[in-house]
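Report on the following structure.
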Amino acid sequence: MIAFGAMLDNEKNESKFYRINEMYKHVVFSVAYDITKNYHDAEDVMSDTWLKIISMINNIDESSIGTKRCKNLIITITKNTAIDLLRKKKYEKEAIKKLDVHYTAAGMEERIIHIEQLREAISLINELDEKYREVLYLRVLYELPAKKAGALLNISEDSVNMRFMRAKRMLVKRLKEREQMNNRQGLTVKER
């Protein structure tokens, strides 16, 4: 928790954070574990939850720490963080299953290469903001038309199309950056 405390800008916020952490750390882990059913995932959820709490520590009143309202806030943040993690894992599994079904006739080596490429693409997609990531998953993975994706996300069809276009641009840019980085690393190895 020292690392988290170092992220805070003043002693008052640091004190608030440590009080919240001491008071609710078992609750946070219990909620995370109840949802994820996995010790390591629960730890990841805990870390992400504490980061979210740090980002909003100025909005938490010192006198509200220990109240039911504060506890409910902590539980809600933990629950939503755990659900986001499970959603992310589900998308990854479904993408790999879809690829696996598509390439059942292909050779094992080719399948492994495609799975690695898919994992890299998923990694890049997961680096995007949530609003772009959701649109990409709905449009590409679930093959939903823009109208249905918009209905699920409570946004207009035009917004879905705009986010989809921007997300594709961001992915292409990141792929090029990663490719350039890999090429530079390859050159430095060859030069030696």
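Every number in this text was worked out from the coordinates using simple rules, so none of it is lab data. Note that the structure is a prediction, hence the values are computed from the model and not measured. Cβ: placed from backbone, ideal geometry, glycine included. Neighbour counts: every protein chain shown.
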Sum up the charges of everything whose Cβ sits under 13 Å from the Cβ of Glu157, counting Lys and Arg as +1 and Asp and Glu as -1, but leave Glu157 out.
+3
Tabulate in residue order the Karplus-calculated ³J(HN,Hα) for region 146-151, using 6.51 cos²θ - 1.76 cosθ + 1.60 with θ = phi - 60°, rounded to whole Hz; enter x for Gly and Pro.
4, 5, 5, 4, x, 5
Find the relative contact order for region 128-192 and round it to a whole percent, using C-alpha pairs within less than 8 Å whose residues are 6+ positions apart.
30
Starting from the Cα of Ala121, step 7 Å along the direction of its Cβ; do the same at Asp61; then give the gap between the two resulting points in nm.
5.1
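Working out 0.36 nm times the residue gap between Arg184 and His40, then minus their Cα-Cα distance, what length gain in nm do you get to one decimal?
Contour length minus Cα-Cα distance gives 48.4 nm.
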Taking a cut-off of 20 Å between Cα atoms, list the lysines near Lys176, but don't count ones fewer than 8 places away on the same chain.
Lys168
For every other residue with a beta carbon closer than 13 angstrom to the beta carbon of Ser30, add +1 if it is Lys or Arg and -1 if Asp or Glu, then tell me the sum.
+2
